[in-house]
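Visitor: What follows is a structure written as structure tokens; I'll ask about it next.
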Ligand SMILES: [Zn+2]
């Protein structure tokens with residue numbers, strides 16, 4: 001994760017949306033025919049793969065700024081949830097929203113992500129918690145994938161929370177296993193199945209049952225693991241062969257080692273710890289020491305991580321988890337692509353991959369986490385097309 005393979009005075013050649021050559025500018029000019037009008041001059045700037053946001057809850061309605069203020073006055077996230085707020089607040093608003101509204105809101109968030117340099121986003125359902133509403137959210141994700149420049153990778157999270165109308169948790173688990181997973185799989189609406197494996201939400205045994213059922217229907221497991229308490233979610237991720245496990249603030253040493261051995265990627269989401277004002281962040285240094293590949297994501301959601309900016313996440317990863325700037329870039333590009341099974345086509349500037357390229361107005365890559373709270377992205381090229389061209393003096397314009 002320390003190696004970026006930086007090419008100084010480098011160039012990338014693109015044709016039909018794909019990278020056809022990459023390397024030293026002079027060498028490239030001798031082998032690739034280039035028309036002047038198609039050249040983007042990035043002299044003195046950083047050119048790198050578009051960010052891959054490996055974990056978001058993109059599609060929802062409503063907002064929770066009231067709770068934000070309550071939490072500042074000392075209210076705990078769990079207390080807010082008990083009073084019918086938190087996730088349940090968003091579930092109510094999302095159930096009441098039409099698919100058109102969800103697409104409009106999701107599209108606005110994607111616009112912001114794109115302008116901040118993100119070109120591929122994993123998007124989870126999970127604010128519906130009924131068969132009808134979970135399908136509605138996944139359909140909204142499919143529409144957004146078709147309509148928006150950003151590519152979306154869909155994940156089903158029917159087991160995100162226990163819906164208020166269910167007294168018995170196991171009854172809801174049965175609904176997820178017997179009705180939701182088969183329907184989602186049959187309609188091809190998701191690639192992955194995620195779950196909140198957490199004290200008071202879904203226990204290890206329920207999580208195992210849901211993820212095993214998902215596997216039988218061809219959905220690869222993902223887990224929200226060990227965020228609040230060390231429940232053993234990391235160990236479960238290794239056991240079920242999850243592609244990735246998210247959060248991991250409280251993951252045990254054993255869990256981290258087992259994940260590394262089983263080839264599970266740790267998706268760290270420091271925006272959530274920041275937003276919840278907790279003092280403990282995932283132990284990225286120990287994870288890297290154990291050989292666990294780390295990916296990063298915004299965890300974009302209306303309650304616990306209200307940001308579309310991967311640049312902000314890189315800064316938090318350096319300052320709060322002591323990752324190096326190079327490690328954060330690897331985690332936010334190629335490793336994030338691995339975490340959503342897209343490393344064969346995105347996440348690095350390599351011949352044959354999609355031409356998802358960003359230009360940042362910084363003299364070297366270390367400025368990306370170092371210079372925080374502002375947008376350093378100048379151009380976004382998606383599938384070989386300039387989709388964002390920002391002039392610092394003229395605001396943002398979309399091409
Ligand atoms: Zn999440």
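Visitor: Under 15 Å from the 7 Å Cα→Cβ point of residue 385, by amide nitrogen: which residues of segment 341-372?
Guide: 355-357
Visitor: Also, quick follow-up: Report the normalised scattering of segment 1-134 as log10 I(q)/I(0) at q = 0.16, 0.17 Å⁻¹, calculated by the Debye formula with identical scatterers on the alpha carbons.
Guide: -0.92, -0.98
Visitor: Report the extension gain between residue 40 and residue 286 in nm, rounded to one decimal, defined as 0.36 nm multiplied by the number of residues separating them, less their alpha carbon distance.
Guide: The residue 40-residue 286 span can extend by a further 84.5 nm.
Visitor: Please build a GNM for the chain, connecting alpha carbons under 10 Å apart, and tell me which residue among 221, 270, 182 fluctuates the most.
Guide: Sorting by GNM fluctuation, first place goes to 182.
Visitor: Within segment 251-293, which residues have the backbone N less than 19 Å from the label spot 7 Å out from residue 79 along Cα→beta-carbon, could you tell me?
Guide: Counting only backbone N, you get 275-279.
Visitor: A follow-up question, please. Compute the distribution of all C-alpha to C-alpha distances in segment 70-225, in bins of 5 Å from 0, and list the percent of pairs in each, rounded to whole numbers.
Guide: 2, 9, 18, 20, 19, 16, 11, 4, 1, 0
Visitor: So how far apart, in nm, are the two label points at residue 166 and residue 65 if each is 7 Å from Cα heading toward Cβ?
Guide: Output for this residue pair reads 3.3 nm.
Visitor: Taking 0.36 nm per residue of sequence separation and subtracting the Cα-Cα distance, how much length would be gained by fully extending the chain between residue 5 and residue 217, in nm to one decimal?
Guide: 72.4 nm
Visitor: Something else now. Just want to confirm a number: the relative contact order over segment 256-329, from Cα pairs under 8 angstrom separated by 6+ residues, in percent.
Guide: 34
Visitor: What number, in percent, do you get for the relative contact order of the chain if the mean sequence gap of Cα pairs under 8 Å and at least 6 apart is divided by its residue count?
Guide: RCO, the chain: 20 percent.
Visitor: List, largest first, the extents of the alpha carbons of segment 204-341 along their principal axes, each in whole Å.
Guide: Sorted largest first, the three principal extents are 39, 32, 26 Å.
Visitor: Can you tell me the length gained on complete extension of the stretch residue 31 to residue 351, counting 0.36 nm per residue apart and subtracting the Cα distance?
Guide: Between residue 31 and residue 351, full extension yields an extra 113.8 nm.
Visitor: Highest mean first, how do 349-360, 370-381, 330-341 rank when packing is the count of other Cβ atoms within 10 Å averaged over residues?
Guide: Descending packing order for the listed peptides: 330-341, 349-360, 370-381.
Visitor: Also, I was wondering about something else. Running a GNM on the chain with Cα contacts under 10 Å, which residue among 92, 167, 220 ends up with the highest mean-square fluctuation?
Guide: Ranking 92, 167, 220 by mean-square fluctuation puts 167 first.
Visitor: Would you please give the FRET efficiency between residue 278 and residue 370, computed as 1/(1 + (r/R0)^6) with r the Cβ-Cβ distance and R0 = 22 Å, to the nearest 0.05?
Guide: 0.35
Visitor: Using Cα-Cα distances under 8 Å and only pairs 6 or more residues apart, what relative contact order does segment 153-284 have, in percent?
Guide: So the answer I get is 18 percent.
Visitor: Okay, moving on. What list of whole percents do you get for P(r) of the chain, with Cα-Cα distances grouped in 20 Å bins up to the one holding the largest distance?
Guide: The distribution over the chain is 29, 58, 13, 0, given as percents.
Visitor: Taking only Cα atoms and a 10 Å spring cutoff, compute GNM fluctuations for the chain and point out the largest among 369, 230, 282.
Guide: For the chain, modelled as a Gaussian network with Cα springs under 10 Å, the answer is 230.
Visitor: Taking the 0 to 90 degree range and rounding to the nearest ten, how far is the long axis of helix 204-216 tilted relative to the main principal axis of the chain, both from C-alpha atoms?
Guide: 60
Read-outs: derived from the displayed coordinates by stated rules, not from any lab. Given the structure is predicted, the values throughout are model-derived calculations rather than measurements. In this analysis, Cβ positions are derived from the backbone assuming ideal geometry, glycine residues included, and neighbour counts consider all displayed protein chains.
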